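A short worksheet on the structure shown next.
The values are calculated or read from the model by the stated rules, or taken from the named source; none is laboratory data. What you see is a predicted model, and the numbers here were worked out from it, not measured in a lab. Positions of Cβ are backbone-derived with ideal geometry, glycine not excepted, and every protein chain shown enters the neighbour counts.
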Amino acid sequence: MKTLVLTLLSTAFASPAPVPAEPPADIVFDVLRNGQAFGRHEVRFDEGEAGELLVDIDIELRAGLGPITVFRYEHAAEEVWRDGQLVSLEAETLKDGDRIAVDVERGDTGLIDLMPSSHWLGYDPAERRILNTETGEAMPVEIEDLGLETVETASGEIEARRIRMTGTLTVDLWYDAEGRWVGCAFEARGQSIRYVLQDA
């Protein structure tokens, strides 16, 4: 297992996007690969004993030939937010047969002001780097606001703002009028991946 333990110091980057004071509704996606079932991506919220916001992220993707698994991806993470700031991030990822563990904590002088790549908070188009939750490293990105359009969910189509983030992948993300993450689509290894929001 590869393990990265990082203490990140504050620096002059853009402030994080507003973090809800109360735990918001959970976000649950069915993930499709070329239109076929591929797995689930869940973001669940709770309140900690000291009033902090706890965010649990669980991704499980699998492709196979009958009972034989030919591709497997797992990502489990917990983010802890306090007073609008990321206090800690613990994550473990299974990717290409390797397990990578990340433990990011607030240092004495504060955590670096990079948004994590967990998508649920959205991104400011002015941001040029985000925190890659798979690796614990800063990741250069370009973010475009592509405007309003409709996106399909399990409950029907809704109007949402489309954001395109280009980094290690080019990912399209959709957010509704309240800023809730409601859709995702990208191409990876020649496969078309699409998220469909479910009723949590």
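Checked against (1) of a type in the set (Gly, Ala, Ser); (2) surrounded by 16 or more Cβ atoms within 10 Å (Cβ to Cβ); (3) under 16 Å from the mean Cα position of the chain (by Cα), Ser88 meets all criteria but (2). Selection within the range 159-200: residues that are within 15 Å of Gly122 (Cβ to Cβ), hydrophobic (A, V, I, L, M, F, W, C) and more than 16 Å from the chain's Cα centre (by Cα). The member of this set that is surrounded by the fewest Cβ atoms within 10 Å (Cβ to Cβ) is Ala177. Hey, any hits in the range 154-173 for a residue that's within 23 Å of Phe71 (Cβ to Cβ), among the charged types (D, E, K, R) and touching a strand residue (DSSP E or B) at 6+ places or on another chain (Cβ under 6 Å)? Taking every residue of the range 154-173 in turn, at least one turns out to be within 23 Å of Phe71 (Cβ to Cβ), among the charged types (D, E, K, R) and touching a strand residue (DSSP E or B) at 6+ places or on another chain (Cβ under 6 Å). Considering only residues in the range 129-151 that are modelled with pLDDT under 95 and out of contact with any strand residue (DSSP E or B) (no Cβ under 6 Å at 6 or more places or on another chain), the one that is surrounded by the fewest Cβ atoms within 10 Å (Cβ to Cβ) turns out to be Glu137. Within the range 83-111, restricting attention to residues that are free of Cβ contacts under 8 Å to residues at least 12 places away in the same chain and either part of a strand (DSSP E or B) or touching a strand residue (DSSP E or B) at 6+ places or on another chain (Cβ under 9 Å) (or both), the residue that is farthest from Pro18 (Cα to Cα) is Gly97.
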